[in-house]
1. Given the criteria free of Cβ contacts under 8 Å to residues at least 12 places away in the same chain and more than 16 Å from ligand 2 (Cβ to nearest atom), does residue 239 qualify?
2. Write out, first by first residue and then by second, each pair whose Cβ atoms fall under 8 Å of each other, whose residues are 6+ apart or on separate chains, and whose first residue, in the stretch 283-294, is in a helix (DSSP H, G or I) while the second is within 10 Å of ligand 3 (Cβ to nearest atom).
3. Can residue 51 be described as more than 16 Å from ligand 1 (Cβ to nearest atom), surrounded by fewer than 19 Cβ atoms within 10 Å (Cβ to Cβ), part of a strand (DSSP E or B) and over 13 Å from the mean Cα position of the chain (by Cα)?
4. Quick one: would you say residue 225 is outside any strand (DSSP E or B), modelled with pLDDT of 95 or more and either over 20 Å from the mean Cα position of the chain (by Cα) or under 29 Å from residue 292 (Cβ atoms) (or both)?
5. I need the full set of residues from the stretch 129-157 which are closer than 29 Å to residue 208 by Cα, part of a loop (DSSP other than H, G, I, E, B) and free of Cβ contacts under 8 Å to residues at least 24 places away in the same chain, in order please.
6. Does residue 95 satisfy the criteria of being within 25 Å of residue 251 (Cβ to Cβ) and either over 18 Å from the mean Cα position of the chain (by Cα) or surrounded by 24 or more Cβ atoms within 10 Å (Cβ to Cβ) (or both)?
7. Please verify whether residue 15 is more than 16 Å from ligand 3 (Cβ to nearest atom), surrounded by 14 or more Cβ atoms within 10 Å (Cβ to Cβ), more than 29 Å from residue 302 (Cα to Cα) and within 14 Å of the chain's Cα centre (by Cα), treating the condition exactly as stated.
8. Check 255, 176, 220 and return the single one that is in a helix (DSSP H, G or I) and within 11 Å of ligand 1 (Cβ to nearest atom).
Ligand code: 0X9
Ligand code: ZN
Ligand code: ZN
């Protein structure tokens, strides 16, 4: 059975997507944006008060990297919190009245399923190529943003393989198409990873500062401070290249260069004690504190519409 404080399998998440959308028709609608390499449907949940006109929106994905289970747990937690606090929490109510939040609960479903059934430390997609017996590409090196120029590998056996071309991975193509299609409404792009406790923003493919560097930094520091206020968890903010490492082909840089100014990558708990194997006992505190950072960012976005 599905639980917000456990790491749910894909089958459980899929059933949860169906039931939560059908039980909340006034706040959630869902759409399939395409299938994964292995044929699983990629559902995007649109959360917000229904409106006759197109609302400005925020796009958030979890589980780009298969083994980062706390990330996938966060998207589920966010949906639950949005539904249960709409109408009582003024910030959430204001957000969902004025904006829609698109949530992709699991980006790399094939990889996520593989981490549950075969190899817990799998990171990449599960696509095959004629030219290699190695499987998968890194879905955060496959975007058309300085593609494969730095911090990525052209070796299909590497964990950071950039793929045979930008958007060669169908999951990346599906999401990129969705964001391009909804480009005029999408004001922020949030992508949830683990681990390291970082709040990153463009660029990662270059050390050059983004045009909106100072605003992005100010918002990131405010969000980190809000996060820390709950359980004292310390986050570091900054542009990806200088804060974690230079790495091209990431979704955050791609979204930013497309024109989505508020583009952030979260690296959730911890700093390495458990790493990707974060115990289930930390799901609740991690998601609670992360909600504060996400809400800080969404408030800033709303104020600047
Ligand atoms: O390397 C990544 O893709 C992310 N770190 S992780 O440990 N979750 O793999 C960081 C992504 C930062 N942004 C870009 N490199 N564009
Ligand atoms: Zn990751
Ligand atoms: Zn708590």
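The values are calculated or read from the model by the stated rules, or taken from the named source; none is laboratory data. Predicted, not measured: the structure shown is a model, and the values here were computed from it. All Cβ positions, glycine included, derive from the backbone under ideal geometry; neighbour counts span all protein chains shown.
1. no
2. Pairs that qualify, where the first residue is in a helix (DSSP H, G or I) and the partner is within 10 Å of ligand 3 (Cβ to nearest atom), are 285/230; 285/231; 288/230; 288/231; 289/230; 289/231; 292/230.
3. no
4. Yes: the conditions hold for residue 225.
5. If the condition is that a residue be closer than 29 Å to residue 208 by Cα, part of a loop (DSSP other than H, G, I, E, B) and free of Cβ contacts under 8 Å to residues at least 24 places away in the same chain, then 154, 155 are the ones that fit.
6. Criteria met by residue 95.
7. When the stated conditions are applied, residue 15 does not pass them.
8. The match here is 255.
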